[in-house]
Ligand code: GLN
């Protein structure tokens with residue numbers, strides 16, 4: 001059941017939060033052997049549902065997400081529930097505090113059913129780089145669910161929770177949303193607090209909601225957005241968000257996105273734009289010429305920030321203690337930091353390189369220049385269009401293992417998603433259809449703080465296209 005319905009029915013006591021959460025936990029037990037979306041199931045979920053039921057019986061306000069089962073990506077801090085980032089480095093780390101977004105969800109009545117799988121420290125596009133094994137795509141379990149928030153999207157698609165939170169640095173909410181045929185939003189930079197989100201690349205990332213409907217994603221954003229005194233990058237631009245309203249939007253189909261996609265994907269995206277046109281939108285072609293530099297710029301900046309952020313994992317303050325007797329600092333440091341996975345190590349090394357003297361101007365500075373050009377190009381397009389459309393992913397969900405040996409091939413799949421992160425604008429992925437039985441997502445981008453415009457466009461598309469259904473599991 002969708003989150004909006006659950007909250008209403010629990011508040012009206014049509015069923016109790018406890019009954020519902022019990023069923024969710026049974027579902028998790030049943031499908032997890034096939035999907036592997038969870039790293040940790042919350043042992044206190046039933047107890048939390050019960051206390052919510054008591055609150056409702058006492059006539060107190062149960063909150064806009066009363067009883068709703070939520071999955072939280074395992075790089076978002078949960079007080080008393082281990083938060084591993086799918087890394088050996090944080091294998092038994094139990095945070096002493098909740099992320100702001102977690103607290104906001106709980107205050108709204110949501111019940112956290114567990115922590116969901118990701119690529120180690122959110123670095124990847126498939127959820128294969130996890131210490132807990134790959135998550136599988138619920139539509140075809142031989143394929144990847146996308147990443148890095150693969151657990152967030154797969155758990156929602158597999159009906160293991162109503163909604164979930166992921167994080168999106170370069171596409172990590174939208175990529176798995178697209179591959180698993182669910183809705184996923186990357187909010188405007190600064191709309192949602194990052195306090196308690198384990199940093200990968202701070203200047204690019206946001207926490208974002210995943211759900212099976214646009215209305216569910218809007219209702220979660222409504223709860224988690226707004227200024228937070230614990231994160232000075234949050235802004236005061238919050239509105240109240242809701243399911244979409246139909247209006248004649250100006251839609252630009254980004255030429256460079258559609259030209260770079262597989263034919264099976266682009267066909268569905270053309271159909272999607274036609275659907276929007278039939279619903280009264282004015283659709284035209286748009287062009288973002290510097291998009292060809294976006295991927296190089298993104299990976300340079302993301303790895304530079306990662307190399308600095310991950311310097312804190314020295315196993316002196318967090319995680320297991322591997323100090324040999326009478327240790328010497330340098331050897332101790334490499335001994336412990338050797339425990340990062342291959343992909344994370346690759347990024348720390350590359351990130352240090354692009355920041356090193358002699359190469360800083362050639363790589364890091366250039367990447368920042370490209371970033372501002374992309375931002376300018378996008379800004380000028382938003383003078384002409386309300387939303388920009390294209391495929392979320394240029395290809396269909398591929399087989400597990402297919403791109404593991406070639407990092408560049410893996411990075412290339414992010415070509416359409418990184419643009420929104422570089423430009424700080426919001427972007428949503430909404431199910432657009434199926435090709436060869438596999439999901440295709442439509443990506444829509446809007447100007448900063450225009451999330452409601454995205455919900456309007458995505459909502460109109462969702463009800464007209466009627467791409468529904470859940471996978472057989
Ligand atoms: N796939 C991209 C990367 O590996 C994006 C990851 C993310 O958004 N967290 O950097």
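The values are calculated or read from the model by the stated rules, or taken from the named source; none is laboratory data. Worth saying up front: this structure is predicted, and the values here are computed from it rather than measured. Using ideal geometry, Cβ is built from the backbone for each residue, glycine included, and neighbour counts are taken over all protein chains shown.
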Without any contact (Cβ under 8 Å) to a residue 24 or more places away in the chain, part of a helix (DSSP H, G or I), out of contact with any strand residue (DSSP E or B) (no Cβ under 6 Å at 6 or more places or on another chain) and closer than 30 Å to residue 316 by Cα: is that true of residue 43 in this structure?
no
message = Just checking, does region 89-111 include any residue being touching a helix residue (DSSP H, G or I) at 6+ places or on another chain (Cβ under 7 Å), in a loop (DSSP other than H, G, I, E, B), closer than 21 Å to residue 154 by Cα and at pLDDT 95 or above?
response = no
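Just one of 357, 372, 380 is part of a loop (DSSP other than H, G, I, E, B), more than 20 Å from the chain's Cα centre (by Cα) and surrounded by fewer than 21 Cβ atoms within 10 Å (Cβ to Cβ); which is it? Spell out the reasoning first.
Working: 372 fails: part of a loop (DSSP other than H, G, I, E, B); 380 fails: part of a loop (DSSP other than H, G, I, E, B).
Just one listed residue meets the conditions, 357.
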* Kindly establish whether residue 397 is away from the ligand (no atom under 14 Å from the Cβ), assigned to a loop (DSSP other than H, G, I, E, B), touching a strand residue (DSSP E or B) at 6+ places or on another chain (Cβ under 9 Å) and under 21 Å from residue 458 (Cβ atoms). => yes
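Out of curiosity, is residue 92 within 14 Å of the chain's Cα centre (by Cα) and either crowded, with 24+ Cβ neighbours inside 10 Å or away from the ligand (no atom under 12 Å from the Cβ) (or both)? Break it down stepwise before answering.
Working: within 14 Å of the chain's Cα centre (by Cα): no; either crowded, with 24+ Cβ neighbours inside 10 Å or away from the ligand (no atom under 12 Å from the Cβ) (or both): yes.
Judged against the criteria, residue 92 is not a match.
Say whether the condition of being more than 27 Å from residue 247 (Cβ to Cβ) and out of contact with any helix residue (DSSP H, G or I) (no Cβ under 7 Å at 6 or more places or on another chain) is met by at least one residue in region 441-459. Break it down stepwise before answering.
Within region 441-459, the first condition is being more than 27 Å from residue 247 (Cβ to Cβ), and the residues that meet it are none.
The answer is no, given that none of the residues of region 441-459 is more than 27 Å from residue 247 (Cβ to Cβ) and out of contact with any helix residue (DSSP H, G or I) (no Cβ under 7 Å at 6 or more places or on another chain).
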Checked against (1) assigned to a helix (DSSP H, G or I); (2) over 23 Å from the mean Cα position of the chain (by Cα); (3) farther than 15 Å from residue 464 by Cβ, residue 271 satisfies every condition except (3)
Within region 403-413, restricting to residues that are touching a residue at least 12 places away in the same chain (Cβ under 8 Å) and in a loop (DSSP other than H, G, I, E, B), the one that is farthest from the ligand (Cβ to nearest atom) is 404
When region 1-37 is checked residue by residue, the ones that are in contact with a helix residue (DSSP H, G or I) (Cβ under 6 Å, 6 or more places away or on another chain) and crowded, with 18+ Cβ neighbours inside 10 Å are 3, 4, 10, 16, 17, 18, 21, 35, 37
If you go through 363, 299, the only one that is under 22 Å from residue 417 (Cα atoms) and either in contact with a strand residue (DSSP E or B) (Cβ under 6 Å, 6 or more places away or on another chain) or within 15 Å of the ligand (Cβ to nearest atom) (or both) is 299
Residues of region 153-170 being touching a residue at least 60 places away in the same chain (Cβ under 8 Å), more than 11 Å from the ligand (Cβ to nearest atom) and buried (at least 24 other Cβ atoms within 10 Å of the Cβ), in sequence order, are 154, 155, 156, 157, 158, 160, 161, 162, 163, 164, 165
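Being crowded, with 16+ Cβ neighbours inside 10 Å and either within 16 Å of the ligand (Cβ to nearest atom) or closer than 28 Å to residue 137 by Cβ (or both) narrows it down to one of 437, 390, so name that one. Even if it seems obvious, please write down each step before you answer.
Details: 437 fails: crowded, with 16+ Cβ neighbours inside 10 Å.
The unique qualifying residue is 390.
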| Is one or more of the residues making up region 128-139 out of contact with any strand residue (DSSP E or B) (no Cβ under 6 Å at 6 or more places or on another chain), over 18 Å from residue 71 (Cα atoms), within 15 Å of the ligand (Cβ to nearest atom) and modelled with pLDDT of 95 or more? | yes
